[in-house]
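One structure is given here, and the rest of the page talks about it.
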Amino acid sequence: MRGGIWAATALAALTLGGCATITTGSGQSLTVLTDPAGAECKLDRKGQTLAVVNPTPGTVQIDKSKDAITIRCTKDGFMETAGTLDSEFQGMTFGNIIFGGIIGVAVDAGSGAMNEYPSSLTLTMVPEAFPNTAARDVFFDSASARARANTADSLAKIANECGADDGCRTSVDQVKAAGEARVAQIEVQRQQAIIRP
């Protein structure tokens, strides 16, 4: 009797597999946009090309993973622009404790289904040349302001989800470091921009 119950339980766990895999799958769609549109963007992960969007905007299907995706975009008259897309842990995976047990968690970990990337990413293309320094500074001041606002929004989201939990300190530090790096990158691009009256 006990053996039959154990066999049925094991069969159910194997049949259900990973809960996140069943409910959301191991793949997802990702929309890449640029401002302005019409760029060619290459998506890489761990040194391998996942997809190419040409021209933007465009949507591609990618496999989920815990590893970040690097996106590089090019367009005539603009500097090459790059961005990083980090994956996020999906709460649905915790359902595996109920539905799939340890086997379910293992399936999700192996398939990448427990992680998911944001559904879209927008990159701002930087012109290679500006008519004067005032136009250049308006463009880059606006870019810096958006970067700082995005950092503040991300920090607010972490604070809302974690509260006073010290376990989120690493996430806060990572977001701050990424925000500072983005602002620094914008300043480098400002210095590299060409003034062509």
Taking 24 Å as the cut-off for C-alpha to C-alpha distance, list the pairs among 64/157; 75/157; 46/157 that go past it. 75/157; 46/157
How big is the dipole moment of segment 128-197 about its Cα centre under a simple scheme where the beta carbon of each Lys and Arg is +1, that of each Asp and Glu is -1, and everything else is neutral? Debye, nearest 20, please. 280 debye
Which net charge results when you count Lys and Arg as +1 and Asp and Glu as -1 among the other residues whose beta-carbon is under 11 Å from that of residue 150? +3
Lys and Arg at +1, Asp and Glu at -1: add these up for the other residues within a Cβ distance under 10 Å of residue 194 and post the number. +1
Among 157, 42, 64, what is the fewest-to-most ranking by other Cβ atoms within 10 Å? 157, 42, 64
Alpha-carbon Debye profile of segment 128-197, log10 I(q)/I(0) at 0.16, 0.26 Å⁻¹: -0.61, -1.05
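Every number here is computed from the coordinates shown, using simple stated rules; none is lab data. What you are looking at is a predicted structure, and each value in this text was computed from that prediction instead of being measured. Positions of Cβ are generated from backbone atoms using ideal geometry, with glycine treated the same way; all protein chains shown enter the neighbour counts.
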